[in-house]
1. Fewest first, what order do 130, 28 take by the number of other Cβ atoms within 10 Å?
2. Going by amide H atoms built from the backbone, whose H comes under 5 Å of the H on residue 136, apart from near neighbours?
3. Around residue 124, what is the net charge, scoring Lys/Arg as +1 and Asp/Glu as -1 over all other residues with Cβ under 14 Å from its Cβ?
4. Starting from 0.36 nm per residue, how many nanometres of slack lie between residue 49 and residue 23 once their C-alpha separation is accounted for?
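Read-outs: derived from the displayed coordinates by stated rules, not from any lab. Remember, it's a predicted structure, so these values are computed and weren't measured experimentally. Cβ sites come from the backbone with ideal geometry, for glycine too, and all protein chains shown count toward neighbours.
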Amino acid sequence: MNRLTLTLLGTLACIGGCAVTPAGPTVMALPGSAKTFDQFRGDDASCRQYAFQQVGGVSTNQAATASAQGSAAVGTAVGAAAGAAFNGGQGAAVGAGAGLLAGSVMGVGAAQSSGYEAQRQYDHAYIQCMYAAGERVPISGNLISAPHPAGNLPPPPPGY
């Protein structure tokens, strides 16, 4: 192998090490008030499996790696084509190397986005499943509560 190839492979290996995300939910769930810890553990295992299926059976690391590899492959192909068009056979090799490097750098962002999105979908499916099983889960945002009875409505703001 020549020096350029070794440099590119080393760079790609370093970049690939940056896309490590946790396996499993990143949210905390607690046993429901009427649940034993053993029931909670059963629900947790079942909901982890459900969430894994909802993201297509792909872990966040697998999604990130596939995205990074795709970007590197596209960058290599485009670089080789551009190099061949401008400088023939030797240009194709240089263009492929430059394309691999550029595709790898761009792939880092794509890998992180893919991993984040897979983790977000996993967490949402896990929370939905645990909530449906009667476990306590974090809920963010505004909650819609039952409508107020007619006699207990707050007064209108001044000026209406």
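1. Values: 130 26, 28 8.
Ranking 130, 28 by Cβ neighbours within 10 Å, fewest first, gives 28, 130.
2. The answer is 30, 32.
3. Value of the local net charge: 0.
4. 8.2 nm
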